[in-house]
1. Can we say D:Ser32 is part of a loop (DSSP other than H, G, I, E, B) and out of contact with any His (no Cβ under 8 Å at 6 or more places or on another chain)?
2. Does B:Leu52 satisfy being open to solvent by 20 Å² or more (accessible area, probe 1.4 Å) and either in contact (Cβ under 8 Å) with a residue 60 or more places away in the chain or touching a strand residue (DSSP E or B) at 6+ places or on another chain (Cβ under 9 Å) (or both)?
3. Can C:Ala134 be described as in a helix (DSSP H, G or I), in contact (Cβ under 8 Å) with a residue 40 or more places away in the chain and farther than 30 Å from D:Asp215 by Cα?
4. For the range D:310-338, which positions are crowded, with 24+ Cβ neighbours inside 10 Å and within 14 Å of chain A (Cβ to nearest Cβ)?
5. Has the range D:157-167 got any residue that is surrounded by 15 or more Cβ atoms within 10 Å (Cβ to Cβ) and modelled with pLDDT under 90?
6. Considering only residues that are hydrophobic (A, V, I, L, M, F, W, C) and either assigned to a loop (DSSP other than H, G, I, E, B) or open to solvent by 20 Å² or more (accessible area, probe 1.4 Å) (or both), which ones fall in the range C:284-295?
7. Given the range B:66-107, what strands (runs of 3 or more DSSP E) lie entirely inside it while holding 2 or more residues that are among the hydrophobic types (A, V, I, L, M, F, W, C)?
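The values are calculated or read from the model by the stated rules, or taken from the named source; none is laboratory data. Worth saying up front: this structure is predicted, and the values here are computed from it rather than measured. Quick reminder, even Gly has a Cβ in these numbers, built from the backbone with ideal geometry, and neighbours come from all protein chains shown. SASA here: full protein model, heavy atoms, side chains in, ligands and nucleic acids out. Shrake-Rupley method; radii C 1.70, N 1.55, O 1.52, S 1.80 Å.
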4 protein chains.
Amino acid sequence: MPRLEPATASARHTAPPPGLISLADHEAHARSVLDPATWAYINGGAGDGFTLRANRDAWDAVALHPRVLAPLAGLETRTTLLGKACPSPILVAPMARHGLAHPDGELATALAASALGAGFVLGTQSGRPLEEVAKAFAPGGERGPLWFQLYGFGDRDGMRELVARASAAGYEAVMLTVDAPVQGVRDDERRAGFAPPPGLPMPHLPPQAAAGLADLLARAPTWDDVAWLLAHSPLPVLLKGITHPDDARLAVELGVAGLVVSNHGGRVLDTMPATATLLPAVASAVAGRCAVLVDGGVRRGTDIVKAIALGADAVLVGRPILHGLANAGAAGAAHVLRLLGDEFSAAMALCGRRRVADLRDPALVGRPAP
Amino acid sequence: MPRLEPATASARHTAPPPGLISLADHEAHARSVLDPATWAYINGGAGDGFTLRANRDAWDAVALHPRVLAPLAGLETRTTLLGKACPSPILVAPMARHGLAHPDGELATALAASALGAGFVLGTQSGRPLEEVAKAFAPGGERGPLWFQLYGFGDRDGMRELVARASAAGYEAVMLTVDAPVQGVRDDERRAGFAPPPGLPMPHLPPQAAAGLADLLARAPTWDDVAWLLAHSPLPVLLKGITHPDDARLAVELGVAGLVVSNHGGRVLDTMPATATLLPAVASAVAGRCAVLVDGGVRRGTDIVKAIALGADAVLVGRPILHGLANAGAAGAAHVLRLLGDEFSAAMALCGRRRVADLRDPALVGRPAP
Amino acid sequence: MPRLEPATASARHTAPPPGLISLADHEAHARSVLDPATWAYINGGAGDGFTLRANRDAWDAVALHPRVLAPLAGLETRTTLLGKACPSPILVAPMARHGLAHPDGELATALAASALGAGFVLGTQSGRPLEEVAKAFAPGGERGPLWFQLYGFGDRDGMRELVARASAAGYEAVMLTVDAPVQGVRDDERRAGFAPPPGLPMPHLPPQAAAGLADLLARAPTWDDVAWLLAHSPLPVLLKGITHPDDARLAVELGVAGLVVSNHGGRVLDTMPATATLLPAVASAVAGRCAVLVDGGVRRGTDIVKAIALGADAVLVGRPILHGLANAGAAGAAHVLRLLGDEFSAAMALCGRRRVADLRDPALVGRPAP
Amino acid sequence: MPRLEPATASARHTAPPPGLISLADHEAHARSVLDPATWAYINGGAGDGFTLRANRDAWDAVALHPRVLAPLAGLETRTTLLGKACPSPILVAPMARHGLAHPDGELATALAASALGAGFVLGTQSGRPLEEVAKAFAPGGERGPLWFQLYGFGDRDGMRELVARASAAGYEAVMLTVDAPVQGVRDDERRAGFAPPPGLPMPHLPPQAAAGLADLLARAPTWDDVAWLLAHSPLPVLLKGITHPDDARLAVELGVAGLVVSNHGGRVLDTMPATATLLPAVASAVAGRCAVLVDGGVRRGTDIVKAIALGADAVLVGRPILHGLANAGAAGAAHVLRLLGDEFSAAMALCGRRRVADLRDPALVGRPAP
């Protein structure tokens, strides 16, 4: 395990503050810890925040229809993802700059995810080199999956090199984000005047001048780029940001290993539907031909039950991890993952299901069988 | 009638405080009387409280479609339950630890229910021995039904003995709670730091060490346990916490005497639908083959009218009884039951119905006949 | 015109206070003028006020689908009711005790309605003898209809005598209220401790001791009583409080001259649907065989347009008249009627309709033709 | 370019105040700059404001269903309107009295629209002569369309003369407003006591005495007047305020060049549906036979995407332009148009569409193809 950097003020916490018993509590506490501009960057959404709120509300609006009196002894949360056994269907979503939340940054996240049996998708915009993060996570064995996220597509040589580095470091898949050819209209962030702190390194990105709209559009990935990546990547490829069933079908036909139903946490195109709303049609279009993950607003163990009943194989959790980091570094992120995992186990029991596979049942959320 | 214990401060009230004219008033007053942690324990719900609020909102959302100019002279609320005539279709729901609300605890509740013609389902987690409570209730004659609730299923010998005690003491049925194999994620209660006061006895439960999830799951009742109970109980058996029509059919086929459509007052699995929403499909699956009761959010006489129109034979009322107890002991609980009964009579008249049987009419709530 | 009683403090106003430009303004001002208990009596609803609010919300929720470029010159609001031409389809609803709002009581209301071309339904619980009120209204000619409301049915001789008095005094119809066999659960009023002031006379009611539920139910009118009234009344009979299409059919078959779709302003059975919601099915059941009026929440000229498009021949306006009375006596009630009439004319023009008969068009509220 | 009048206090701003990053920010700032009565006049709605709010809410409620990974290089917002190429599908809506917002009035608006490639529909109630405004706009070339709005129809000779002046000055079409035969019940404005400042000229209107309802109705335009205008106008004619598909069909059959789906910004008949709700049926009735524009609540680039997907060719933007004017004169109006244009480009990219024509796709807003 790598040695962490010297502790800063916020890093002194070695345990989460007392009284945090839900992810909402972590969020409220993190808001009090972080400066307003960083908070706006981490928690803000695009436009007027409709999609940001809809993500959360849509999980709440899915009703659970449990069964009773089923045998529950030996209940467990294990599952399989891209052919690999995992302790749970929970992964940390790819996010930029964990260092904004805590000086240990992505290393702390890796430790937390690894310890709690969650998967981890390291973002291209990580402040720590992917090799260091992989060492902290120590992939394999009883751990969840370790994947690397790719962004943009300006430079195929650079991308090929980055994928090779990830593969060499032990990453098990790459995940290309496809829903953000340009940045969203992020009003909260702009109003708060957020700017990345100058000292924060971005070891996987070439130094870039600010790009205009035309440059960004020219550099945005296309289906041709996906085909190229599938042809050249030594690792399985997932696409993140697929919400239309027709795009899901195209992705499956090109041979992707999985896709993430995501609206970028409501940070890109406001008034897109919630991911819980979009998931069933995408899962139905995929029809089991690749893995389906979902993110956006997952905050409760019951949300994970619902995601699986609606067709997902696993969920990605984003902002809550940064909240945990802000509150107590690796211990805070681990606490977030533990709360979520405990809630998930309890929800399985209260739904009368002993295995993750038993959750793949539309009737559990009051829908007819497909 | 048993002699009650020496009065404590809150027991000094011999009549409900002036100005309480609805169950909502009792609730608001009880909140001012009880300490916040006890309040959170009594009134809190699981998770974010969606099901807790939905229970209440769903009754409000059922529209009444009354008829006018029908003869109303001689209107009465009598009905029949498990073959026995009862003064009204109102029962007190099984709840733990009435002593938290008032030192007279379950004895006060028994007196109130008995005097007002309501039924009473004593909880396993009663602070008073079931025999004392039965004496206070004095079942039979013009009184409502007296039933005993069972919980968990770790020890069949213990359960058999408990059922025998209840039968010997005059209880007329047992009701097994089936919807809580593990405790819900009760955030309000955890945030408020509730812990049962050390002095409160639990005479029907063996002393237990804190149990982990695996222990709880191994001990959770199954359909096999229900079959065993039906085979060994000298009393009719009802199941509480049936919400799925398929579970209702299984229960009827095993021979239960009745079932309660309940989501545990929103205290167990958040985002389950409201019981008013779940009731019609369960009643339709049962098709008159056993009794159907419902609980969750019943606070108005019109709610009882709606419950019967949607297929219930009777309703259980929970938290409002504890509010009444907290406000004025037995007199407070009796006042709650009187307010509810008076509203129920008035609602029958305003709907143009002179008999409880006339309320079994889907058209009264704007639904087509089944 | 009768001489009004000596002015009291509130009677000094001879014009409405400045700045009141809508019925909502009158309501807000009246609230500041009346004591809280009287306010609760006048404005309160039954139970939790769902029906009270729904009445208002339902008019707002009906969308208008206007036509443009139709000729509008010569637009007018005249219509016909029970075969008589009226200046407008607006009537004052029967209400008890106008004297609570202003010492001139029903005399002031009669003056206002008469002057503005509105109809007036005097309540049985008027504080002024019906003969005096009729003189103040001076029925006939260019005035709206003058009707008398009947309540309860304990004494057929008394009722026959009352109808004969009304007929002799110039009333043109009687309206029997059928939706209140018992009083609603009026929590607001009970909480505010309202009691009718002792000095207020009730010249049309025999002095009565407080009656219990059984007495009230025995005295409640039935279909037999309606048949008796139709056989013995020299005046046309309307029923007020019909909301079920089957009751409407029964009423039509018995030969009533009209009926009022009413939930008693939300004062009787809470959670009944809004009258705007109930109106179309009743109008469809009546199919033009008698007059159909509606009350409950009419506060805007557009509401009147909607009521007619949904099947009504006219609307009754209740509480706003008492608000106007409270604010400035007869001048206040007249101001309320003028505001409503002006809004109605403007709404007709903006909907592209020159005649009241042109408003009888379901397409105007986005519904298919029947 | 015409020389602007001497600057007043508010005209000193030559750039929008810092921190305004959305049209909502401009609105909030304008509210702090304008006096309350002017604010009520500019921003108020009819009645209770249901339609005013619905206009905004309806755009928010239309969900976007984007596609990903399409090529986006060379994205552009050009389109065609009445056969003329325009830089964007954004026009400034006809509004009275821009001088209330800024002393430069319509000249400032013309400069802003011209500079940003937006179209401009000058209102009849402009404070500046149409010829001066046309010079400021300098129509033709790379500019958007310049049209002139007509109101009322009392005097055909006057109208013919006005249209001839507009044509001579370079206006490319006239737009007749047809949805306001009388003024709406504008409560906000009446409560705030708004009166047009005496010094404000109205160079296109004859001096008029206050007119009563009957006069207004006699003067309201009819279909005959539209036919006359089509026969006598040298310019193409559009109708503004068409919301009913049957009126749209009549307009098309008479030969109009285009129509605007508009409820007059919620200022005329309250409880009309939102224009986003009305647009699809009108567009479907028109079936491409004339141009379809829409206004009401357009505040975000995504709203423009939605309008086109729902069947519009272009959008009109009203109040935000006055907000920009109030905040910084021509620079403020230009800033509003720039923010909206930038959001529109970003929204196109995030929806995966490179051309305005690609937005004409019902699937983009989750609707089936017509």
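1. Details: part of a loop (DSSP other than H, G, I, E, B): no; out of contact with any His (no Cβ under 8 Å at 6 or more places or on another chain): yes.
Here the answer is no, as D:Ser32 does not meet what is asked.
2. Numbers: open to solvent by 20 Å² or more (accessible area, probe 1.4 Å): yes; either in contact (Cβ under 8 Å) with a residue 60 or more places away in the chain or touching a strand residue (DSSP E or B) at 6+ places or on another chain (Cβ under 9 Å) (or both): yes.
When the stated conditions are applied, B:Leu52 passes them.
3. On the way: in a helix (DSSP H, G or I): yes; in contact (Cβ under 8 Å) with a residue 40 or more places away in the chain: no; farther than 30 Å from D:Asp215 by Cα: yes.
Considered against the rule, which asks whether it is in a helix (DSSP H, G or I), in contact (Cβ under 8 Å) with a residue 40 or more places away in the chain and farther than 30 Å from D:Asp215 by Cα, C:Ala134 comes out as no.
4. The answer is D:Leu310, and nothing else.
5. No; the residues of the range D:157-167 include none that is surrounded by 15 or more Cβ atoms within 10 Å (Cβ to Cβ) and modelled with pLDDT under 90.
6. Going through the range C:284-295, the residues hydrophobic (A, V, I, L, M, F, W, C) turn out to be C:285-287, C:290-294.
Residues satisfying the conditions are C:Ala287, C:Cys290.
7. Details: elements: B:79-81, B:84-86, B:90-92.
Those strands (runs of 3 or more DSSP E) span B:84-86, B:90-92.
Yes/no per residue for (1) outside any loop (DSSP other than H, G, I, E, B); (2) of a type outside the set (Val, Ile, Thr); (3) within 24 Å of D:Gly99 (Cα to Cα):
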position: D:Phe120; (1), (2), (3): yes, yes, yes
position: D:Gln125; (1), (2), (3): no, yes, yes
position: D:Gly154; (1), (2), (3): no, yes, no
position: D:Arg165; (1), (2), (3): yes, yes, yes
